[in-house]
1. Among B:247, B:289, B:214, whose Cα sits farthest toward the positive end of the charge dipole of the range B:189-334 (+1 at Cβ of Lys/Arg, -1 at Cβ of Asp/Glu, about the Cα centre)?
2. Add -39500 (n - 2.57) for each DSSP H run of 4 or more in the protein assembly as shown, then divide by its residues: what number comes out at 222 nm, to the nearest 500 deg cm²/dmol?
3. For the range B:18-162, what does the alpha-carbon gyration tensor say about shape, rounded, prolate or oblate, given a ≥ b ≥ c as the root eigenvalues, a/c under 1.5 as rounded, and a/b over b/c as prolate?
4. Keeping all protein chains in place and using 1.4 angstrom, which order do A:242, A:34, B:135 fall into by accessible surface area, from largest down?
5. By its C-alpha gyration tensor, with a ≥ b ≥ c as the square roots of the eigenvalues, how is the range A:85-184 shaped: rounded for a/c under 1.5, else prolate for a/b larger than b/c, else oblate?
6. Using the crude model of +1 on Lys and Arg Cβ and -1 on Asp and Glu Cβ, and no other charge, please compute the dipole size for the protein assembly as shown relative to its Cα centre, in debye to 20.
7. In degrees, nearest 10, range 0 to 90: what is the angle between the Cα axis of helix A:356-367 and the longest Cα principal axis of chain A?
8. Ignoring ligands, DNA and RNA, how do A:380, A:201 rank by accessible area with a 1.4 Å probe, largest first?
Amino acid sequence: MCEQIEGSQAMARVVAACRPDVVCAYPISPQTHIVEALAAMVRAGRPGRAQFVNVESEMAALSVAIGASATGARAYTATASQGLLYMAEALYNAAGLGLPIVMTVANRAIGAPINIWNDHSDSISQRDSGWIQLYALDNQHAADLHPVAFRLAEEVSLPVMVCVDGFVLTHAVEPVDLAEQAQVDAFLPPFAPRQVLDPDDPITIGAMVGPEAFTEVRFLAHENAKRALDRLPVLAADYAAIVGRTVPAIVDSYRSEDAEMLVIAMGSVVGTLKDAVDELRDDGADVGALGLVAYRPFPFETIRAAAAGRSRVIVLERAQPAGSTGVVGAEVRSALPGGPPVHSVVAGLGGRPVTRSSLKTVITAAQRGELPELSFMDLDTGLVEAARSAT
Amino acid sequence: MTTQRLKFYQVGSFAVGNRLAAPDQRTVQARPDRANALTSGHRACRGCGEALGARFVQDAAARAAEGRLISVNATGCLEVFSTPFPETAWQVPWIHSLFGNAPSVASGVAYALRAKGDTRTRVLGQGGDGGTVDIGFASLSGMFERNDDVLFVCYDNQGYMNTGVQRSGATPPAARTATTPALGPTPGNPFGQGKDAPRIAAAHRIPYVATATIADLHDLEDKVAAAMALHGARYLHVLVPCPLGWGSASAETVKLARLAVDTALFPLYEARGGEVTAVTRLRRQPVPVEQYLRPQKRYRHLFEPGIDTATLDRIQLIADANIAEYGLAPEEGS
């Protein structure tokens with residue numbers, strides 16, 4: 001049923017429909033509305049015997065989820081920003097143990113300087129943690145990705161982050177078609193854990209592995225992650241067939257089939273980008289957009305196919321590692337050996353809006369061959385100079 | 001429920017063999033149907049107090065849970081020596097996640113059981129003193145204050161022994177560790193530092209807290225049984241001498257644990273709901289701390305080249321204060 005609803009409420013409703021057994025959370029903006037809504041639903045007895053656990057830190061939130069998942073419970077948590085970093089050690093552990101936890105990340109900048117607004121520096125910083133990372137394009141997509149995330153996680157025994165732009169999506173009210181419980185039930189079977197702590201069949205989980213087998217463990221994890229990439233579109237298509245709308249799972253391609261120039265982005269900015277593409281096309285520019293949904297595992301072949309024959313690729317970077325190049329752009333570049341030039345444009349850090357006009361300015365500059373390999377969109381040079389002269 | 005005193009003991013050690021005890025007073029280890037949760041063949045050092053303690057704790061807990069026990073382990077010696085892949089010494093379902101999160105993982109197991117409607121299976125968390133009183137302390141405190149249905153056991157060997165004997169928040173004053181060397185004007189670990197973890201646990205007003213050692217395994221098992229008879233957050237702090245870290249003879253592990261009690265440096269008590277409800281009084285007049293300290297190379301700087309009576313006196317004052325605080329003095333006529 002289509003409702004005018006806040007993104008966090010929509011995600012919480014869909015997560016509840018996925019029948020989690022254990023939901024644990026430590027509050028951090030802008031994740032709070034999601035877990036508040038889940039706390040209320042669990043108190044109201046929905047879903048079933050679900051347990052909501054208020055913990056003392058994000059480290060504990062993910063650790064409770066680890067214990068619960070290893071005991072055969074469907075476990076869910078949500079966090080953002082500093083909280084994601086505080087659970088970093090447990091992120092690698094959950095992935096290494098192959099525990100299919102689903103976590104919403106309400107994407108937010110990392111301090112210092114402290115900043116509660118949206119960019120992707122939190123989840124990007126954990127790109128190597130072994131988690132699958134999916135980036136939601138809008139609130140409908142954010143809601144739909146959660147059942148897909150649970151099914152994928154449990155099928156391949158890997159944890160999944162659903163990355164959702166903080167405030168921009170979590171706090172935005174827009175129409176969302178919420179899946180019925182029966183639709184989610186038809187798609188998502190009860191959790192059948194691959195290994196479980198069970199007194200009737202005791203196993204040891206988390207043994208120490210030395211040099212004689214560690215490489216093989218990592219190799220198999222890599223193979224498994226690639227398998228997740230194969231399964232993801234299949235599962236998303238299954239869910240899409242049940243709910244009757246498309247659910248982009250790897251990429252979301254927009255007017256890019258014949259475009260000379262391709263602009264790649266992740267998250268809610270893809271919506272703005274599509275508008276910019278429309279306006280530029282109206283002006284005769286030959287440009288298309290590609291929303292990247294699956295960032296981990298990275299879809300090298302899809303990117304290669306999408307960028308084939310383009311003269312130029314622009315990547316919007318919602319995080320910037322000081323002293324290096326754009327993170328996503330570097331991987332796009334490595335997917336296109338001998339391919340077109342790839343420009344990283346750092347945009348929308350710490351909540352700065354990415355506007356259509358700024359996007360059009362950047363794309364137009366690229367068309368003229370005037371866009372450097374790495375640039376910062378809307379950089380306030382006056383502010384930069386003032387800061388320089390003050391030191 | 002501390003323990004009815006056994007009537008038979010060998011003079012001197014107070015130890016008693018199972019064959020001298022009535023059948024209902026024999027340890028779990030004496031029974032052929034014990035869980036044997038931590039089975040033989042693991043890689044602990046000779047004379048490891050933690051291995052001994054963990055085996056007794058696990059089997060007593062498994063008996064109380066009628067075999068339905070899940071164990072959660074912090075990183076540390078116990079985890080390392082018991083699970084070198086592809087081997088495992090554990091015959092109970094067992095998980096190791098990280099160093100600082102074992103109480104939280106144990107909570108997660110407990111919540112999963114509740115969500116699944118499993119009211120029979122019980123949860124035991126365990127770690128060393130580093131994983132418990134230092135890096136895992138926030139996790140432990142959170143588990144306590146939520147009163148999660150977990151028994152957490154700290155095997156306290158008073159330092160980071162797995163990483164090569166560094167100082168922890170449970171290292172006693174004057175003890176030499178690799179990071180509190182026996183050098184300078186005040187050699188060893190400073191006085192006036194460290195945490196009283198069992199008392200802090202009790203301050204959470206959880207249902208059950210107890211201290212125990214591997215010198216009195218009957219008492220240890222009884223305290224595990226008492227903890228397992230209750231639900232909610234429970235804590236057991238077990239002193240487990242470490243020959244490597246303490247610089248003691250492998251054969252003296254049990255003896256040193258006994259001396260820690262007999263000197264009153266390690267008081268034995270139970271606390272329920274935040275109040276100390278039972279104390280094990282000394283059986284004889286307290287042993288001077290020097291007898292406990294001298295066999296341990298971590299205190300050698302107190303005896304060589306000359307005897308550091310000032311520091312020995314300070315440590316004796318700690319024992320004396322314990323006697324006064326907990327009322328440990330032996331009964332008249334002992």
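The values are calculated or read from the model by the stated rules, or taken from the named source; none is laboratory data. Owing to the predicted nature of the structure, the values given are computational and were not obtained by experimental measurement. Positions of Cβ are backbone-derived with ideal geometry, glycine not excepted, and every protein chain shown enters the neighbour counts. Heavy atoms of the whole protein, side chains included, go into the accessibility calculation; ligands, DNA and RNA do not. Shrake-Rupley method; radii C 1.70, N 1.55, O 1.52, S 1.80 Å.
1. Sorting the options by dipole projection puts first B:247.
2. Numbers: 24 runs with 265 residues, N = 725.
Taken over the protein assembly as shown, the calculation gives -11000 deg cm²/dmol.
3. Judged from the Cα gyration tensor, the range B:18-162 comes out oblate (a/c at least 1.5, b/c at or above a/b).
4. Details: A:242 60, A:34 0, B:135 90 Å².
Ranked from most to least accessible, the order is B:135, A:242, A:34.
5. Values: a/c = 2.85, a/b = 1.06, b/c = 2.70.
Because a/c hits 1.5 or more and a/b fails to exceed b/c, the range A:85-184 counts as oblate.
6. On the way: 63 positive and 76 negative charges, 441 e Å.
It works out to roughly 2120 debye.
7. 60
8. Values: A:380 75, A:201 95 Å².
The most accessible residue leads, giving A:201, A:380.
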